[in-house]
Amino acid sequence: MNLGIFLSPGESLNLMKKTGQDVRFVKLYLEAYAKNFTKVYVFSYEDENPNLPKNVRLIPNQTRLHRLIYALMLPIINKKVINDCDVIRGFGLASSLSSLFLSKPFVFNWAYDYVSFVKLQNKIFYVPSYIILEMIAFLKAKKVFIATKSKFKKLNGNKFIYLPNGVDLELFKPKALKKEGLIFIGRLEKQKNLYFLISAISLLPSKVRSVTFIGLGSLKDSLMRWASKKKVKLTIANPIPHNQLPKMLGKFSVFLLSSLHEGSPKVLLETMATGLVPVVTNFPTAKEVINNGQEGFITNFDQKDFASKVQLLLSDEKLYKKMSSSAVSRIKREFDQDLLIRKEISILKNV
């Protein structure tokens, strides 16, 4: 049985590499697919030739078409390869653009509330397009993997399957000792609410008024200036390969996520798996990952409340250890990638 993989328009292994996510994609998905399917075809939006498992073949984009035009035409341009696929797995809602002229069974994952996200980015003109795309994608797909419980509960029919993001528990293991340090990992963009985060940290005692951001984004320089104004020691580092992340996390104790909106954030799950305790804002899906006061803290969008929870974790070692243990247990119980990918592959084979 052969599997085809549709990426989101514009996506490629090279682009994933810029954020360190190429390693995660290959290890958690492609290697698992390679063990369970005779052939795996990955349709990229770039003319590239990455090193992949031997029965995984990358189909490059050798046209000069705009990414959205190429997405629509992909099944026609690559008709011969598509005919060799028994089922197509799309990554993200946007990947379903390539299913419009597709005759093969199509399965994709709905990762987060796309309409709310574009509204947050003030891209209101995209809203009708995403609403229409979601309607068509849900109609076209044989199965849809829904990453959040809140969305799953709103849907009817056996084509919708709750399947959250998972964690590689062989890679992300609890660290032996508590370290003193605050860290945020993610895009340096409006959605992450990072001015709020820096302002909250400025309310901490001076000796712990420092934080490390790992990520890229348009707000980098502005955030550095804001941190200086707030007398917060801010270090911003570029993303690192996914398999190097656990070692880096060993330097920190508390993971901070002040987002206005999230789906099922992978980095939150991964940091919890290593024993970091999260302090997060009350974005819509926070409670799907954290029981407030058990595996971490969920605060309102209140800087003083956020800062007080961070300070509590830094000052109460007994509480910290208890919550750290609970965080690790929650991830092992509900977000084991090995179990989730087995479930996914079984569905793909039976679709």
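Table: residues versus (1) under 22 Å from the mean Cα position of the chain (by Cα); (2) surrounded by 18 or more Cβ atoms within 10 Å (Cβ to Cβ).
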position	(1), (2)
P9	yes, yes
E31	yes, no
N36	no, no
Y41	no, yes
S44	yes, yes
N49	no, no
L65	no, no
Six or more apart or on different chains, Cβ under 6 Å: which pairs go from a residue in the stretch 240-254 that's in the same structural domain as T271 (by TED's automatic domain parsing) to one that's aromatic (F, W, Y) and assigned to a loop (DSSP other than H, G, I, E, B)? Could you list them? P246/F172
Which condition number does I214 fail, the rest of (1) outside the structural domain of A32 (by TED's automatic domain parsing); (2) surrounded by fewer than 16 Cβ atoms within 10 Å (Cβ to Cβ) being met? (2)
Suppose we filter L339, L313, L319 for residues that are among the aliphatic types (A, V, I, L, M), surrounded by 21 or more Cβ atoms within 10 Å (Cβ to Cβ) and over 22 Å from H261 (Cβ atoms); which single one remains? L313
Give me the pairs: first residue in the stretch 120-149 and without any contact (Cβ under 8 Å) to a residue 40 or more places away in the chain, second residue in a helix (DSSP H, G or I) and basic (K, R), beta-carbon distance under 9 Å, and six or more apart or on different chains, which are they? N122/K190; Y126/K119; V127/K119
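Determine whether K119 is under 23 Å from N156 (Cα atoms) and either touching an Asp or Glu at 6+ places or on another chain (Cβ under 8 Å) or at pLDDT below 95 (or both). I'd like the intermediate steps shown before the answer.
Numbers: under 23 Å from N156 (Cα atoms): no; either touching an Asp or Glu at 6+ places or on another chain (Cβ under 8 Å) or at pLDDT below 95 (or both): yes.
For K119, the condition - under 23 Å from N156 (Cα atoms) and either touching an Asp or Glu at 6+ places or on another chain (Cβ under 8 Å) or at pLDDT below 95 (or both) - is not met.
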Limited to the stretch 190-217, what total is found for residues that are under 24 Å from K18 (Cβ atoms) and either at pLDDT below 95 or of a type outside the set (S, T, Y) (or both)? 12
Report every pair of residues separated by at least 6 positions or lying on different chains whose Cβ atoms are under 7 Å apart, first residue within the stretch 327-351 and without any contact (Cβ under 8 Å) to a residue 40 or more places away in the chain and on the phi > 0 side of the Ramachandran plot, second surrounded by 13 or more Cβ atoms within 10 Å (Cβ to Cβ) and part of a helix (DSSP H, G or I). none
Regarding L314, is this residue outside the structural domain of A147 (by TED's automatic domain parsing) and of a type outside the set (S, T, N, Q)? yes
Identify the single condition in (1) closer than 25 Å to G20 by Cα; (2) at pLDDT 90 or above; (3) surrounded by fewer than 20 Cβ atoms within 10 Å (Cβ to Cβ) that K179 does not satisfy, given that it satisfies every other one. (2)
Pairs where the first residue, in the stretch 7-22, is closer than 11 Å to I240 by Cβ and the second is assigned to a loop (DSSP other than H, G, I, E, B), C-beta under 6 Å, 6+ apart: T19/P239; G20/P239; G20/I240; G20/P241
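The values are calculated or read from the model by the stated rules, or taken from the named source; none is laboratory data. These numbers come from a predicted model, not from an experiment. Counting neighbours? That spans all protein chains shown, and the Cβs are built from the backbone with ideal geometry, glycine included.
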